[in-house]
Each structure stands twice: as structure tokens, then as C-alpha cells.
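Structure record follows, encoded as C-alpha cells.
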Amino acid sequence: MNYFAYLTEEIFATIILLIIVVILRFFSAKFIRRYATLSSIMEHRTNLVIKYIHILLNLLALIGVIVIWGVQKKDIFITLSSVTTVVGVAMFAQWSILSNITSGVILFFFFPFRIGDIIQVHDKDFPIQAEIEDIKAFHIYLKTIDGERITYPNNLLLQKGISIIMHKHNNKEFTD
């Protein structure tokens, strides 16, 4: 029983942190859904961005719990440097995956094209004019006038010039 009395502060701080994380997750999801509704963004893209935000909040909460429970800074830095090294080496070979995920989030919040729009990708070697069929975490599905289906990486959409030829928006309500 004495053991629990000694750790009362840590237990209390952990409970408060978990409550804060739950509240932040709720309000961030609500804010993103409101933004998506106002911007006419598809629901599955919205859910994907919400998942990314929740993962980030969970990682920050884990770091908070580690700090609350008094893990020595030296131990945290050794662990983080080891994990970062392993992840860095593994991700170096797969940098495009991380780049495409980041680009997918940027496309969600800041780009004016939507599913159904016809776009022109200004690429010197491979120009494309096609309709956007779907936008995923890693790539975008395009369909040309000839019926050709193209998978185009999200990170290339940020690197190339894009013209929106025609907007086609469906006003759909979100359902949960």
C-alpha cells in the first residue's frame, strides 16, 4: 500500500494526460471533419488524416508518460537514438513511402482539386490530362480520356505543375 502512496503524483499526472489526449483526439477529429465538410473532401480521405493525427497524439502521449514516470533523460536519449537509427536506416530505402504519406496530408488540407476533377499534369517527359478517380495515402488514381488508368504518386503532384481543367463536385454528406 505504501508503494501506491509514493506514486500518487505519477498516477494522477498519467490520468490527467490520458484525459487530455482523449479530449484532443475528439476535438481534432471534429475539427478535421468540419474542415472536410466545408471543403467537400471525401470521407475516406478525412478518416485517413484523422488516423495520422491520432497516431501523432498517441506518440506524444507516450513520450509524456515516459517523462511523468521519471525515466532518466540519458536512458530516453539512448533509446530514441537507437530507435531513430534503426528506423532511419530502414526508411532510407523507403523514403518515398514517407514522402507520399506526407504529401497525402498536404494534398488533403491545401490543394484545390478533388475526386472527379479533370487535371493537367505539366510534366515535360510525360504530360497527363486525366480525371481524378481516387486519392489515397500514397498515390492518386487517374483515368485518361482514352480510358487508361494511371497511378500517380502523391509526392509528384507537389513537384509538378497542375492545372484544373474542369471541376466536378458531388455535394455528399458525411456519415459515421
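Leaving out ligands and nucleic acids, note down the accessible area per residue over the range 100-163 with a 1.4 angstrom probe, in whole Å². Show your work: numbers first, answer last.
Values: 3250 Å² over 64 residues.
Accessible surface, normalised per residue, equals 51 Å².
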The ³J(HN,Hα) series, computed from each phi in the range 155-163 with the Karplus coefficients 6.51, -1.76 and 1.60 at θ = phi - 60°, rounded to the nearest Hz and given as x for glycine or proline, is 5, 6, 5, 7, 8, 9, x, 10, 10
How large is ³J(HN,Hα), in whole Hz, for each residue of the range 49-66 in order, when computed from phi with the Karplus curve 6.51 cos²θ - 1.76 cosθ + 1.60 and θ = phi - 60°, using x for Gly and Pro?
-> 5, 4, 4, 4, 5, 5, 4, 4, 5, 5, 5, 5, 5, 4, 4, x, 5, 4
Pseudo-spin-label distance Lys73 to Ile150, built 7 Å along Cα→Cβ, given in nm, is 5.2
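Gain in length, Thr102 to Ser82, computed as 0.36 nm per residue apart minus the alpha-carbon separation, to one decimal in nm? Each step should come with its number before you reach the end.
Details: separation 20, 0.36 × 20 = 7.20 nm, distance 2.37 nm.
Answer, rounded to one decimal: 4.8 nm.
The values are calculated or read from the model by the stated rules, or taken from the named source; none is laboratory data. Note that the structure is a prediction, hence the values are computed from the model and not measured. Ideal geometry is used to build each Cβ from the backbone, glycine not excepted, and the neighbour counts take in all protein chains shown. The area values use the complete protein model at the heavy-atom level, side chains included, leaving out ligands, DNA and RNA. Shrake-Rupley method; radii C 1.70, N 1.55, O 1.52, S 1.80 Å.
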